Amino acid sequence: MVSESSQSRNGNFLQKFLKERLPVEELQHLAEKKKVPVHKHSVWYYMGGIAAVLFAIQVITGVLLMVYYVPEINSAHASILKINSQINFGWFIRSLHSWSANLMIAVVIIHLFSTYFMKAYRAPREFTWWTGLVMLVVCLAFGFTGYLLPWDDVSFFATKIGLDVASKIPAIGGLIAYMLRGGDIVSQATISRFFMIHVAVLPLVTLAVLGAHMFFIQVHGIAEPAFFKKLPEEKRKYEKFFPEFMFKDILVWLLAANVLFVLTMLWPWGIGPEADPFAAAPLGIKPEWYFLAPFQFLKLIPPMVGPIEGELFGIILMSLVGLGFVLVPIYDTGVSESRSKISTAFGTFVLLGVILFSLWGALS
Amino acid sequence: MNYPLWVVPDLGGSWVIGIISIIHIFISHFAVGGGIYLAFAEQLAYKRKDERIYNFLKSHSRFFVLLTTVAGAVTGVGIWFSVSLVSPDGIASLIQCFTLAWAEEYLFFVAELATAFAYYYTWDRISREQHLLLARLYAIFSVFTLVIINGVLTFMLTPGKWLSSHWWFDGVFNPTYFPSLAIRLLIMLAIAGMYALVTCTRIEEPKFRTFMVRYCAKWLLPVFLLGPVCMLWFLSQVPHSVLGTIFTGIQNSGVGNFSILARALYISLVLSGTILLFAFFGPFLNPRGFTFKVAILFMICGFAATGTTEWMREMLRKPYVVYNYIYSNGIHKDEIEKIADEGFLHRGKWSTALTAATPTDEFHNGEIVFRYQCMACHTEKGYRSMKKLLGQRDEQAIISFLQILRERDPQKNNYSNIMPPLAANDAEMKSLAKYLASINTDEREKNTAHRSPASDHSISMK
Ligand code: HEM
């Protein structure tokens, strides 16, 4: 709220000016009506907002990087080197983009699991949940396509391996991998496709899906966890979205931006040697941390599981887990206590599995 | 050289000192600023005859006195302890320069402690006028501890006229003394306000709470209004070569050794800006939503800002302990030439003793040289590790590197802004190279085995 002293005559003029032209009062009314439950798990309500801020940072830094980046097989690596060492503050923009990408994926994963365990996917919020899932896939796709662009040693091989795995998907896998690669090998065609997907397709998809996500949140309000709903009326504390929650949101964004900034400053993003498609893969090559869990999982499966090829078996298993996340709002509607417990158990199992396999992959 | 050294693996001794110091600096700044805050707030209570403020101050001062006296004393002793173990030769010189100042510092500290306890135990036991007097006395003593220690800290960066006169007065009242005093006082007020904000979140009554939260938030204003001016004043007194290092860093941050200084500067600026915004959107605009948790986050921001700013100040004077006089490894600048002729190991009492039994063991002698001359900033395999920094250099390449490092002429030694020149005769240099070459053997081997002969990248391969 504006303090009394600052509501000077100028302020009043500005307010009047805006009120006559924009639906200020309606918006303010809307924001004041929305309320945020206050309980011991309230921290998680900030995660979506942090993800949104990081996404905004990605858009801005990404546009700036496009000024100097060249998506051409002989110049890509050199153009990144130039951004890192010759362009004023180029290293800074690039490090921001890389760090923010990683933080964003981390925050989105935390957001997913926190909404999952608070059971915010239940009716009427199924669409919020599904659009969220699409956002996760989009984020991972951002990561996968962006990783190739510097065209350095590890990014080249990680992409090659990643696409090889994708081609194992029954029926459509081969075709998808072929189209993404633009042929049988990772080459100029791959850079062009990945670049186009990374800077044009995915941002547009994000805007649309994120818009829908936000719209649904606005329509349904913030979900109240079951234990909170059961509290007697007088014990249920709320905070107005505006101004209390929003000002705190701003503080949290500030802090998130600072974490990002300090990481960027202390550990600027490096770049490996230029990719050499004809060389052998460097020893012990690993994908980015957010693909480590499936990577490690696939590695553990024997070459043949019964009559099925090992990798295919792994892919099917992981798809089933994904399907579980898609179907959970239909399965656990909040009516049946046992279904609710099973969903929580499933989520815990997957979360622990992801953490375990990621650590395993990182350490081996 | 003259004293035994404490080897801290991986982390490095400088980080041990650094971590303790940053905590100590935060607490001591908080003690001084808090002293001023208590005096002013008590005056406010006295003027307004407001019991609520008195009650607030009583609960506020409980934890305050406990924290500043106990944690302040423990970390203060911790600094002395760790410094004398990690860099005994450097601290020996500092003590010799300022025996008198250290003694006075100690006196004021004792006086500060005594008034702090008197202040706390006489709440409601003596008249309000008398208690206010005690509060003011406490504020004055704590400011005086700053007045002295600030002299020593600034001396290290800008010894100024002391370098020729060697008069302690010139050393204490050196070129950056007053700007630094001003900046520190401003920061102290801000930290005091931040801490009082934490206590404010405990106030139940909404109206009074809003009043106090806004009052405390205002303690951050001075540093934002006057801080930048004082900072420029400070920088104008710093040697040009030091500023040069910052600006080279600004031009090519992200690459090169110098850039860390510029990057630390950015962090410090951005964190300070964050605190300003935080104070505005948090306690000022939204006093009701300013909860305990948020206040703690705010404190953490303050801690991070203080930490990086002090870290930057420390780095500014690298590679010296006392600028242009003693290097970080305790070697005096004007000794280097003599050491290059006569040798290093026999100059110090302890290093002589360590090498006496094994005069021909090159590896062992090299390790001793490394410990006394390089370990102030490097570790073998951990922080700023020799293993990484030497990279794939073999013994011959290391000798060429050390030959450059031994040059006293900055034109020939491009490391002169970040490292002290190597002070050693030829034999000692060769010993050092032998020792160093044993650290990075795996790095060299990695080079030859970098690529695997197999070309199968399928991940299901076993
Ligand atoms: C870039 C990615 C994403 C952004 C920017 C984003 C943004 C947001 C924001 C701002 C909120 C409202 C505040 C909050 O509760 O945190 C929210 C709520 C929500 N999000 Fe996301 N989100 C993203 C991805 C996801 C994902 C991956 C999921 C899970 C599949 C998801 C599921 C939900 C759900 C169910 C809610 C409603 C929570 C409630 O009402 O308490 N979102 N999202």
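The values are calculated or read from the model by the stated rules, or taken from the named source; none is laboratory data. What you see is a predicted model; the values in this text were computed from it and never measured. For neighbour counting, all protein chains shown are included, and Cβ atoms are generated from backbone atoms with ideal geometry for every residue, glycine included.
Odds and ends about this structure:
- Hey, A:I50 under 21 Å from the mean Cα position of the chain (by Cα), more than 9 Å from the ligand (Cβ to nearest atom), assigned to a helix (DSSP H, G or I) and buried (at least 17 other Cβ atoms within 10 Å of the Cβ) or not: no
- The residues in segment A:317-344 that are in a helix (DSSP H, G or I) and in contact (Cβ under 8 Å) with a residue 60 or more places away in the chain can be counted, and the count is 8.
- Segment B:103-131, residues that are assigned to a helix (DSSP H, G or I) and over 34 Å from the mean Cα position of the chain (by Cα): B:R128, B:E129, B:Q130, B:H131
- Residues of segment A:81-124 satisfying the condition of being more than 22 Å from the chain's Cα centre (by Cα) and within 13 Å of another protein chain (Cβ to nearest Cβ): A:L81, A:K82, A:I83, A:N84, A:S85, A:Q86, A:I87, A:N88, A:F89, A:G90, A:W91
- The one condition from (1) away from chain B (no Cβ under 14 Å); (2) within 27 Å of A:F117 (Cβ to Cβ) that A:L207 does not meet is (2).
- Number of positions in segment B:295-336 that are among the aliphatic types (A, V, I, L, M), within 14 Å of chain A (Cβ to nearest Cβ), buried (at least 22 other Cβ atoms within 10 Å of the Cβ) and farther than 16 Å from B:L220 by Cα: 0
- Among the residues listed as A:P203, A:P277, the single one being on the phi < 0 side of the Ramachandran plot and surrounded by 15 or more Cβ atoms within 10 Å (Cβ to Cβ): A:P203
- Inter-residue pairs, beta-carbon under 7 Å, first under 10 Å from B:A437 (Cα atoms) and in segment B:379-396, second among the β-branched types (V, I, T), 6+ apart: B:M386/B:I439; B:K387/B:I439; B:L390/B:I398; B:L390/B:I439
- Any hit, segment B:205-214, residues being crowded, with 16+ Cβ neighbours inside 10 Å and without any contact (Cβ under 8 Å) to a residue 24 or more places away in the chain: yes
- A:V70, sole failed condition from (1) at pLDDT 95 or above; (2) within 15 Å of the ligand (Cβ to nearest atom); (3) not in a helix (DSSP H, G or I): (2)
- Among residues of segment B:272-300, those that are in contact with a Ser or Thr (Cβ under 6 Å, 6 or more places away or on another chain) and either part of a helix (DSSP H, G or I) or not assigned by TED's automatic domain parsing to the domain that holds B:R184 (or both), counted: 3
- For A:F278, the conditions (1) more than 9 Å from chain B (Cβ to nearest Cβ); (2) touching a residue at least 24 places away in the same chain (Cβ under 8 Å); (3) more than 30 Å from A:S340 (Cα to Cα); (4) assigned to a loop (DSSP other than H, G, I, E, B) all hold with the exception of (2).
- Total residues in segment A:281-305, condition buried (at least 19 other Cβ atoms within 10 Å of the Cβ) and not in a helix (DSSP H, G or I): 3
- A single entry from B:I140, B:I95, B:I91 fulfils the requirement of being assigned by TED's automatic domain parsing to the domain that holds B:Y46, surrounded by fewer than 17 Cβ atoms within 10 Å (Cβ to Cβ) and in contact with a helix residue (DSSP H, G or I) (Cβ under 7 Å, 6 or more places away or on another chain): B:I95.
- Helices (runs of 4 or more DSSP H) fully within segment A:136-228 counting 1 or more residues that are within 16 Å of the ligand (Cβ to nearest atom): A:202-220
- Some residue of segment B:333-341 being in a loop (DSSP other than H, G, I, E, B) and either charged (D, E, K, R) or under 12 Å from B:L436 (Cα atoms) (or both): no
- Of all residues assigned to segment A:112-131, at least one qualifies as being more than 6 Å from the ligand (Cβ to nearest atom), touching a residue at least 60 places away in the same chain (Cβ under 8 Å), assigned to a helix (DSSP H, G or I) and within 22 Å of A:H198 (Cβ to Cβ).
- Matching residues in segment A:65-78 - criterion: being crowded, with 19+ Cβ neighbours inside 10 Å and not hydroxyl-bearing (S, T, Y): A:L65, A:P71, A:A76, A:H77
- Residue check for A:P273: farther than 30 Å from B:A295 by Cα and within 13 Å of another protein chain (Cβ to nearest Cβ): yes
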